[in-house]
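Below: the structure, in structure tokens.
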């Protein structure tokens, strides 16, 4: 029996991207460098780490989100009072919403650094995820945790909120990214009050707020008086799975597969394999970016560890995907024997 894989960089302690230390590390971490396929010095561990990560592919949907947010930043730039305009990236699970938010924040922060060289004390971006069963105090404490602000039991919600708002103003924060806002159930008192807290923060902090959510259109967050306020201030960008019906759809899908295949560093892989099986890959993944990334990366790692050094349709068929992708693809797949 093979041992479990290990390795990786363990020199630095783990820091989640929902803390400034982890976020800044994510922003400035260089992508894994691809070695030459024939270079014996590029060892097995390094090759596995490279294929485990693979670079994030910029999709047309991500580019449209970037454009929408840049325009909102311009609209909100000089607004001193009242709620600013924001964006909600909504769609099914595994369609790349969190990836899009993080790529957006990374791009913005790097741009801000170029505009303000040497200003290391700035915090242009804040990134948090809504905790389960969040209350207003828990939510604003997540803001404080990202900033590394010390919290004590004696501080109440108002104290933390005022400290967070003042600090973000001082640090020049312009983009606030909040993941998983669909977890706020405004039918419950805590969810409703936390939604109100988000609205209040949007009025106190001179920044553009961008949310991500699973199918926000069916969420209670947009219902009732509170929902009407959110809907009146936020655009909704529907981050759907990539389609494959038209020639333009297929061209987009093929370009994505080309890009992923160009990143592979497998010694026996035949170029063009992924595009040749484009329709099959779309059926397997339902056009979901997250599912596609898992499928290709896992197949590449199997090819590496088993020594075949190539991805084939047979290998792709052996990889078990997330439950959503498997359920969607099952009626169209040949049963495994």
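Rule-based calculations on the coordinates, nothing more; no lab input. Keep in mind the model is a prediction, meaning the values are calculated, not measured. Heads up, the Cβs are rebuilt from the backbone with ideal geometry, glycines too, and the neighbour counts pull from every protein chain shown.
Structure above, values below:
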| quantity | calculated |
| --- | --- |
| Helix 60-76 vs. the chain, principal-axis angle (Cα, 0 to 90°, nearest 10) | 20 degrees |
| Computed lengthening from residue 204 to residue 171, 0.36 nm per intervening residue step minus Cα-Cα distance | 10.5 nm |
| Rounded to 10°, Cα long-axis angle of helix 44-53 versus longest principal axis of the chain | 50 degrees |
| Centroid-to-centroid separation of the stretch 240-272 and the stretch 175-203 [C-alpha atoms, Å] | 37 Å |
| Kirkwood hydrodynamic radius of the stretch 174-278, from inverse mean 1/r over distinct Cα pairs, in Å | 17.0 Å |
| Evaluated at q = 0.08 Å⁻¹: base-10 log I(q)/I(0), Debye formula over Cα of the stretch 60-238 | -0.23 |
| Ranked by how many other beta carbons lie within 10 Å on average, peptides 160-166, 298-304 from highest | 298-304, 160-166 |
| By average C-beta atoms within 10 angstrom, highest first, the peptides 174-186, 223-235 | 174-186, 223-235 |
| Inter-site label distance for residue 56 and residue 187 at 7 Å from Cα along Cβ, in nm | 3.3 nm |
| Distance between modelled label sites at residue 302 and residue 133, nm, 7 Å Cα→Cβ extension | 3.9 nm |
| Cα-based helix-to-principal-axis angle, 289-306 vs the chain, degrees rounded to 10 | 40 degrees |
| Contour minus Cα-Cα distance for residue 228 and residue 36 (0.36 nm per residue) | 63.6 nm |
| Gain in span if fully extended, residue 254 to residue 318, counting 0.36 nm per residue against the direct Cα distance | 20.8 nm |
| Residue 238 versus residue 71: modelled label distance in nm, points set 7 Å from Cα along the beta carbon direction | 1.7 nm |
